[in-house]
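As structure tokens, the structure follows; a few thoughts come after it.
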Ligand code: SF4
């Protein structure tokens, strides 16, 4: 992933919108936050553990640990709170046609969700894909539901499981293997080449549920543990 800076701050550190160009998505940009610390939906209901899918989070491994990658996400965590952030985001997206929100991190506050609503509303030329687990926080979900009603936004409520379990409530799910594709889900083919190759179904409202094959070392290890635990009749 190549990082680029739009509206690079010059002497005024609060004037920049920082977006990452995601090579997998063919250069489509993403606005992201630090993983886990901004992910209220990452915890189990009792708050004592991470949900299965977050135990193998790709955004806490590999290049996501590089200082420049972490710096952008830490900056964004402060930046969105500035009064002019929505205006600056709208300007920064002038030439974009697609945006993937939250390549890492999640919507951890109702105010951030409200601001994202404003950005989406004011950029009708951009299709917004917003994957999130924050639908588990009722005061945030009520805003996300409104965002999802906008023509140019697809908010995908992510399932916590990595065994293909999802309900009609969810818009995405992780599966252990492409052969395990659940009924009603559409397979993401990026696990083959690591690239979307022009696919845009994540942004397509007519695609109800996208199934992503578990990838990355941590996730694959976790899948093996879960499969071996279930073969033994154990619970992870
Ligand atoms: S479903 Fe399509 S657009 Fe979404 S990540 Fe996979 S290949 Fe890319």
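Among beta bridges identified by DSSP and lying wholly in the chain, the antiparallel ones come to about 30 percent. The three principal axes of the C-alpha atoms in the chain carry coordinate ranges of 59, 37, 37 Å, sorted with the longest axis first. FRET efficiency for the residue 193 to residue 48 pair, using the beta carbon distance and R₀ = 30 Å, is estimated at 0.20.
Please work out the FRET efficiency for the pair residue 94 and residue 114, using the Cβ-Cβ distance as r and a Förster radius of 30 Å; give the result to the nearest 0.05. It comes out at approximately 0.85. Computed packing ranks the peptides 45-54, 83-92 as 83-92, 45-54, most packed first, by mean other Cβ atoms within 10 Å.
What are the semi-axes of the equivalent ellipsoid for segment 164-225, taken as the square roots of 5 times the Cα gyration tensor eigenvalues, largest first, in whole Å? Working shown, then result.
Values: eigenvalues 75, 49, 15 Å².
Over the Cα atoms of segment 164-225, the ellipsoid semi-axes are 19, 16, 9 Å.
Modelled spin labels at residue 186 and residue 66, positioned 7 Å past Cα toward Cβ, are 3.2 nm from each other.
Tell me, what is the FRET efficiency for residue 221 and residue 168 to the nearest 0.05, using R0 = 35 angstrom and their Cβ-Cβ distance as r? Using R0 = 35 Å, I get an efficiency of 0.70.
For the pair residue 204 and residue 87 in one chain, pulling the backbone fully straight at 0.36 nm per residue adds 39.5 nm over the alpha carbon distance.
Read-outs: derived from the displayed coordinates by stated rules, not from any lab. Model, not experiment: these values are computed from the prediction. Neighbour counts are summed over all protein chains in view; Cβ atoms, including those assigned to glycine, are modelled from backbone coordinates with ideal geometry.
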